[in-house]
Amino acid sequence: MSDPTHPDPSRPDPTQPGWPGWQRDRRGWLDRRRDKIAEEIARNRRGEYRVPTWVLTAALVAFVAGWAALVIFAG
């Protein structure tokens, strides 16, 4: 039984650039990322865009701050 803390030197490490499948896997990741971005751009052009979370957060903070200011200074 082999010890997982001591890798077998005869087997290539898939995380290292020298591994034969490394370029194939890396290209696959880049292709998936590019496809994901292209799909998002296409959705945005069709009008199916979503409001980013930071914009919703900023609107909520502004609303709560305005409400709090109204309550504090109205009295």
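FYI, it's all coordinate maths here, none of it is from the lab. Everything quoted here is computed from the prediction, not taken from an experiment. As a convention, Cβ positions derive from the backbone with ideal geometry for all residues, glycine included, and neighbour counts pool all protein chains shown.
Sequence-ordered 3J(HN,Hα) estimates for the range 58-66 from the Karplus curve with 6.51, -1.76 and 1.60 and θ = phi - 60° stand at 5, 5, 5, 4, 5, 5, 5, 5, x Hz, glycine and proline given as x. Ordering G28, A69, P52 by the projection of their Cα atoms onto the charge dipole of the range 22-73, which places +1 on the Cβ of Lys and Arg and -1 on the Cβ of Asp and Glu, puts G28 at the extreme positive end.
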